[in-house]
1. Would you list Leu152, Leu544, Leu535 from the most to the least accessible area, probe 1.4 Å?
2. When the solvent-accessible surface of protein heavy atoms is calculated with a 1.4 angstrom probe, in what order do Lys765, Lys420 fall, highest first?
3. Where does the charge balance sit around Gly365 when Lys and Arg score +1, Asp and Glu -1, over other residues with C-beta under 13 Å from its C-beta?
4. Once you have a ≥ b ≥ c as the square roots of the Cα gyration tensor eigenvalues for region 295-406, tell me rounded if a/c is under 1.5, and otherwise prolate or oblate according to whether a/b is larger than b/c.
5. What's the local net charge at Ser464, with K and R +1, D and E -1, over the other residues with C-beta under 11 Å away?
6. Would you tell me the accessible area of Asp391, worked out with a 1.4 angstrom probe on the heavy atoms of the protein chains, in Å² to the nearest 10?
7. Separation of region 1279-1309 and region 121-146 by C-alpha centroid, Å?
8. Quick check: with the 1.4 Å probe, what order do Met332, Met161 take by accessible area, largest first?
Amino acid sequence: MPAFSYVVTSSKPTSVSNAVVGSFTAPGARDLIVAKTSRLELFSIEADGLSPLFEVQVYGRISSMETFRPAGQERDLLCLLTEKMQLSVISYDASTNELVTVAMCDAQDRIGRPVESGPVLITDPGSRLVAMHLYDNLLKVVDTRGGRFADLALNVRLEEMGVVDIAFLHNAPQSGSSSAAAAGAAAASGGAPVLALLHEDADGGKHVSTYTVDIDEASLSPGPWRVALGPADIDAHALIPVPGTRAGVIVAGGSGFRYKDASSDVRAETSELTVTAFAPLGPESGAFLVGDAGGRAHRVQLKQEGAAVTGIEVSMLGSTSIASALCPLFRMEDPTPEMLAEAEEAGEEPPAGAGWQVFVGSGFGDSQLVSVTDAELSAEEGFVREEAAYDSLGPITDMAVMDLGRQGQCQVVTCSGAFKDGSLRVVRNGVGVEERAVVGLQGVRGLWALRSGFGAADDALLVSGYAASTRVLALGEAVEEVEPAGLQLGAASLLCANVVSVDDARPAAAAGGSAAASPAALDALVQATATEVRLTSADGATLLSSWSPPAGTTVTTASAAHCQVAVALSGGRLVLLDVCADGTLRQAAEAIMPQEVSSLCITPLLSGAGAARAVSAPAGDAQGAEDGSAHSRPVRVAGLAAVGLWESNTVQLLRLPSLEPAGAPVTLSEEYQSRAAQLVTMDGVDRLFVGMGDGTLVHFVVDAATGALTSRSVVQVGSRPITLDLHGGEGTPSPSHDSDAGPPAPAGHTHVLVAGDRPTAVSSKGGSLLFSNINAGAVECMTGFSSAGMPGGLALAAPDTLTLGTVDSIQKLHIETVPLGGEQPRRIAALPESGAVAVATLSSYETGGGDVVETAFLRQFLVLGTAIVDPDEDDPSRGRLLVFRVPALSGAAGGSVPLEPVAVQSTRGGVFALEPACGRIVAGINSRVAVFALAGRSGAAAAPADASGATGATSSAGAAAASAPLSLVAECSFGGHTLALHLALAGGLSTDPRDRAPDGSQPYADLAVGDLIKSVSVLRYSKEDKALVEIARDPSTNWLTALACPGNDRFLACDSSFNLFSLERNTGGVTDEERGHLSMTGTFHLGDQVNRFRSGSLVMLPPNLAAPGEVQRSSDAESGTSSSSSSSSAAVAPAAADGGAASSSSAGVAAAAAAAAAAGSDPSADKGGPVVLQADVPRPQFLFGTVSGAIGAVISLPTAHFHFLRRLQQALAETIPGVGGLPHSGWRAWASAQLAYEPMDPDPALGFIDGDLIERLLDLPPATVEVVAAAMNALQGFPPSSLHCDGRLGGPATAAELVAAAEEMARLH
């Protein structure tokens, strides 16, 4: 069966590769444009920082980027060059807020050797041409005179080999004017563009040559000067053009800066440095800001006498992130006395003095906004102060996936950054709850937060309902239990809410908006129990009135609006009560439903509700609005009721106050009843959510005018009955509101809270729903509240406890930084039982042996592989395997713990990868793969840790054995690789009981080996024969950077050309040769380098999907091998000293315990049975981390889903043009210098779906989605079943179906 995959970005690239400043959006505007691999972000430069405008994906990996202003224009254009050698020129259309393609050309040649440093784009200061250095000995130029871009790039021959850097120089007039404007005018008037080349000759000498470019003839002629650099500049690597000079340039070398033009040649000595970025500090200052590879900022100042440059002054300013781009934004002036006084009054740091505000874009750490001042700030800061930092995960060199909550939702811990900017980053999805109070209350069935008055800002009481009682907590600086006399505390509460009278809901009299807020005529609380509905004073102290159901009936469920109460009675009766100003409850209507009511909601919808009266906070309420006025809350009369019925499993909308049907009933399920309903307006869209008894959430779009329920969608959020509540404020403007049309309409509540075994918060963005997991265990119910002590709080009732806490901002991903003191994290491995990780770092100091460490955590041992680096060796000839005992961490707090070494083994080569198999350590050592056993030196096998729990506890026998001396014994090896960089257990451990040894242990294991050059091969290790044998190989040449095994005999890899590809072993072949062939089954150009695959998912998966890798881990646990360890880890049981296997049963138990711990489960609870999965549904498989800092997901697709999404992908690609005219098909097509693979038309991404493109559908307006649906229905060459994701033959695809499919895929990552 073919294996199909959906590849999508869960966390966008964060590493900055390029950044430029220009007037892009409007004449005179100051805009910052940032490139992050294949994404563009546009910011408006404000006095108080950067204001984001928009971001877009580019169908290409951006190699170079420059702004360009053609003669006579007032706005800049943006020139992009991709690594596939495509030049795109774009402009900004302010009327549509979109990017417009000005020109696009493909500059690739059929022949030519691409430059090793990557494609380079440079622009002429005179705006006459754009040049690209793509191939050795060749320069491509595009004529841009007159503001028009030529269709073709012309080739200009270069005589120089080994070009290190290239730049256009400024060509100021000889009269002496040093302004950039004068230079540009001179160039435009006829002076030929001047090109400078820094190049290296065959003997290693460096030279700088200048040429003038004849655009018409597409040729070069000798320029104004040429210089051979001496030994002092042998490490020269960058050219810095100097504005206002006549072909002047600064040559940056390893030990100094040298200025050269036709008449001047001066040099300044510095310490060794490598320039990574530079920018002029103003067009006429002669000063430059330079960043180096050590993260230091330097000021390079030219000393001038008239037009002549007489010297260079270099000063170190301070420390920043390692810069890949420097962009001075604006000149700062000295702060005024008023600004200093305001900062002192606020207790803030005073503003920096005169200088420059600079954006520091980094590809090695966090990007920054810094102030570079003219005067020193302090001895610690120097001349540089950080004003803001922008989190970056890149480059991700390794990562671990940990399910700390044992809930099927993982956190990712990444080794991020490089050199001094290295750190650990903890990435998690969903909403984190910080516990502030935990109360031991059992059996809570309902929670309600009550304010001191309807218009109050904060909640004063938290009511919890039980099976036969009600308890009340007072919320303030402290939480304490109270007993309001007006509430019935001896009965189970079905509802508690703040209400006002129907008279308080009358429309405002003022025209054009709401009248000023005023106190309510009646401010009260309502409580519903099975026997009565009570109306009390706002503090609950005084009973005002009550209403009782007719004799023989009881209240089964209830719901309240602002001034109405609806109750469902036994027998199917439904009653609507109005709250009157005299403190009574008046029955307004009654209806007999055909069945018992299972769910009920009358929350007012906000769209089309018209003007509403605002009720102010009660006297004495301390909180106010942000503008200083008293806090208020609008009052609305509910117009619709949502009613769910027991037997028919339907939901229906009724009109209020008549209780007449507003629309036809809708069937929710064939088997389960609704348990909760919630009407809500989100982002200006009226919606109905229905929680079902099986843990599914059904949601609709509500047409309030017709009472119709449309756009039905079903989400599996748990396996137990769920309850619903609202969390967030009312009255925020709708995104589509026109500011000129009067006061904004409210957009509604922010979030819907879904309580169950997997609590979830539902929010809306751009009309699409977002589901964020709440990082808590199973809860019976929950509600939001806000108090003085806990603003923005959340109350969660678990079976045994009531937790009060505060929540993070509800967003897709949260990132936490763990600094490492300037060290670079290299490898990481997780110990899931204790929530700990082991991290190997590259320190700023050298170890005695010069070791470069690879590390990993195991359940009982920490194994490290090292390579001893010798500068004179191409590959390390020595390395070590080191084994440390893992200390007991179950009760340890945060921080580091000491490790005890127990074994060391020297190796003939560097250890590049480690993997467990059959209770052994498999190591990739240079060109060979070797298997080691951990044995006791006394000759007796050491017992492994006890497998009775996942807390790391050991039995006494196990503890005694663990303390015995150990050694590593080599069993076998296999050579023939170039460098065995990656190892992965091939998911292909035999699960046939006939293949097992009599004691149940696993007799063999298949291992995938990722080679530096030779792609993927598969080795089989036999415990009985103690041998490694190659059983399959990919004959292609692919330079691998990461490797994973999705399943038996299937492999997923990424190469150095940024391609993902899948391989499959031909197990059905007749001959050994056929069975030993790995066939390429899928190709996809990711456009980013993957450094690590990990099994796992950032989202909490619904119960109809197994946790990622569950089947594989279950099989491995049975077979005694952990397949979820990192590539540099091994779950090993000690073996006998003579090299023989240890007790097989002990080995199996130890490895099974490690596998269960990695899966986040209790090994003692594993029944060993098969895992039952829902078939034919997309299922998350892997997360991957990239050099750009992106975290992506690979999701397996059933055949029907794949064909449906492939058809949708093509429709989107044809409907939505790529930025800059770059085609989607070319972007995702295979591109490799090692393997010339020609994909089939029309789908170049074989076997893969571009999830980023599919999910762009969620950001499109409804009219465009309809166009996409029409284009999809009109496509030819696809099977008819591809119109629907379930493969059915059922007419054309609809826009609603496309949106639902995209939302389904988005929820999986």
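1. Numbers: Leu152 130, Leu544 75, Leu535 0 Å².
So, going from the largest accessible area down, we get Leu152, Leu544, Leu535.
2. So the residues, ranked largest to smallest area, are Lys765, Lys420.
3. Details: positive: Lys420, Arg425; negative: Asp366, Glu386, Asp391, Asp421, Glu823.
Computed value for this residue: -3.
4. Numbers: a/c = 3.02, a/b = 1.38, b/c = 2.20.
It comes out oblate by the Cα gyration axes.
5. Charge balance near Ser464 sits at 0.
6. Estimated to the nearest 10 Å², Asp391 gives 80 Å².
7. Region 1279-1309 and region 121-146 have Cα centres spaced 46 Å from each other.
8. Accessible-area ranking of Met332, Met161, largest first: Met161, Met332.
The values are calculated or read from the model by the stated rules, or taken from the named source; none is laboratory data. These numbers come from a predicted model, not from an experiment. We place every Cβ from the backbone using ideal geometry, glycine too, and count neighbours over all the protein chains shown. With ligands, DNA and RNA removed, areas are computed over all heavy atoms of the protein, side chains included. Shrake-Rupley method; radii C 1.70, N 1.55, O 1.52, S 1.80 Å.
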